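Peer 1: Handing you this structure, nothing more for now.
The values are calculated or read from the model by the stated rules, or taken from the named source; none is laboratory data. The structure presented is a predicted model; accordingly, all values stated were derived computationally and were not measured. Glycine also receives a Cβ, built like all others from the backbone with ideal geometry; neighbour counts cover every protein chain displayed.
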Amino acid sequence: MKKFERIIVIVILFIVIAGTYGAELYGKYTVPIIMYHNVDESEDFHHLSGVALKKFESQMSFLKRHRYNVISLNALVDAITGEDKISHNTVVLTFDDGYVDNYTRAFPVLKKYGFPATIFIVPEKIGQEGYLTWGQIREMEKFGVMVGSHTFSEAYLPGLSEEEQMREIRDSKRVIERKVGHPIYNFCYPSGGFSEFTKKKVEELGYKSACTTNRGYDRFNKDVYQLNRVRFGDKDDPGPVIWVKLIGFYNIFRSSVDPY
């Protein structure tokens, strides 16, 4: 079955489910937290973790044209913890790893549309070739593109001892806060991997949220320390594919993945 045909089947299935289980389905709505990595200049760019600049621009234009409410990750976390109602056209944008193209390519587009975003950075890599500088980070923060922690060295946390995990989580926060001059509250597990110990330490060390990929067993983001995200890449054309991912019920069709 071709990709477009699969999307049509999913949409039809969703309509049937919505008509049958409308009230129950309403409670499964989850604000899509979009996950990006690289934004590349080439239109021929194809990579699992990246998106071509032209495609990224078209995806942001889609959000603007269809009047999606793009809010910060902080605002979403506050709404979840405060049990506030969130409109069904809300979206959050995130980027992993802190690549320099987030500044040179994505940032001008985000400014153009006035969209906030969160970039999860790795302090050990800041200033290295291909990665952001602290000056670039501070400039972006003036326009609502904030940073969070992706650990100190981008280590896969479940593979570390408890002491090593704590250092990765704690030291990254300390360094970032010293460099940007304000507290940071958002964390992201490298490769999405975490354990109950990891979650506990993230909370104890002062973070208010932690993002994963599609790992964990809370697919509806009630637990702010295992927030599932939706990957946007180069194959996600504005239209049916993006619409399905943004509708807020996408997680219903995703399988749960072990957190580690």
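Peer 1: With respect to the numbered conditions (1) under 24 Å from ARG178 (Cα atoms); (2) surrounded by fewer than 21 Cβ atoms within 10 Å (Cβ to Cβ), which one is the sole condition not fulfilled by HIS88?
Peer 2: (1) is the only condition that HIS88 fails.
Peer 1: I would also like to ask the following. If the requirement is being closer than 30 Å to LYS222 by Cα, touching an Asp or Glu at 6+ places or on another chain (Cβ under 6 Å), of a type outside the set (A, V, I, L, M) and surrounded by 14 or more Cβ atoms within 10 Å (Cβ to Cβ), which of these qualifies: PHE120, PHE143?
Peer 2: Being closer than 30 Å to LYS222 by Cα, touching an Asp or Glu at 6+ places or on another chain (Cβ under 6 Å), of a type outside the set (A, V, I, L, M) and surrounded by 14 or more Cβ atoms within 10 Å (Cβ to Cβ) holds for just one of PHE120, PHE143, which is PHE120.
Peer 1: Specify the residue that is farthest from ARG229 (Cα to Cα); the eligible residues are those in region 94-150 that are part of a helix (DSSP H, G or I) and among the aromatic types (Phe, Trp, Tyr).
Peer 2: TRP134
Peer 1: So in region 230-246, with the set limited to residues that are of a type in the set (A, V, I, L, M, F, W, C) and surrounded by 18 or more Cβ atoms within 10 Å (Cβ to Cβ), which one is farthest from the chain's Cα centre (by Cα)?
Peer 2: If we take residues in region 230-246 being of a type in the set (A, V, I, L, M, F, W, C) and surrounded by 18 or more Cβ atoms within 10 Å (Cβ to Cβ), then VAL244 is farthest from the chain's Cα centre (by Cα).
Peer 1: Quickly run through region 224-257 and pick out the residues that are over 19 Å from MET60 (Cα atoms), at pLDDT 85 or above and touching a Gly at 6+ places or on another chain (Cβ under 8 Å).
Peer 2: Result: GLN226, ASN228, VAL257.
Peer 1: May I ask you to list the residues in region 180-229 that are under 14 Å from the mean Cα position of the chain (by Cα), assigned to a strand (DSSP E or B) and either free of Cβ contacts under 8 Å to residues at least 40 places away in the same chain or crowded, with 22+ Cβ neighbours inside 10 Å (or both)?
Peer 2: Listed by number, the residues that qualify are ASN186, PHE187, CYS188, SER209, ALA210, CYS211, LEU227.
Peer 1: With the structure loaded, tell me whether LYS142 is farther than 16 Å from ALA210 by Cα and at pLDDT 95 or above or whether it fails that test. Break it down into steps so the answer makes sense when it comes.
Peer 2: Numbers: farther than 16 Å from ALA210 by Cα: yes; at pLDDT 95 or above: yes.
The answer is yes for LYS142.
Peer 1: Would you confirm whether or not region 169-177 contains a residue that is closer than 25 Å to MET60 by Cβ and either in a strand (DSSP E or B) or of a type outside the set (Ser, Thr, Tyr) (or both)?
Peer 2: Applying the first criterion (closer than 25 Å to MET60 by Cβ) to region 169-177 yields none.
For region 169-177, residues closer than 25 Å to MET60 by Cβ and either in a strand (DSSP E or B) or of a type outside the set (Ser, Thr, Tyr) (or both): absent.
Peer 1: Okay, moving on. Of all residues in region 72-95, count the ones that are within 17 Å of the chain's Cα centre (by Cα), over 17 Å from LYS245 (Cβ atoms) and of a type outside the set (Gly, Ala, Ser).
Peer 2: 5
Peer 1: Just to be sure, is PRO190 closer than 27 Å to ARG105 by Cβ and of a type outside the set (Gly, Ala, Ser)? Walk me through it before giving the result.
Peer 2: On the way: closer than 27 Å to ARG105 by Cβ: yes; of a type outside the set (Gly, Ala, Ser): yes.
When the stated conditions are applied, PRO190 passes them.
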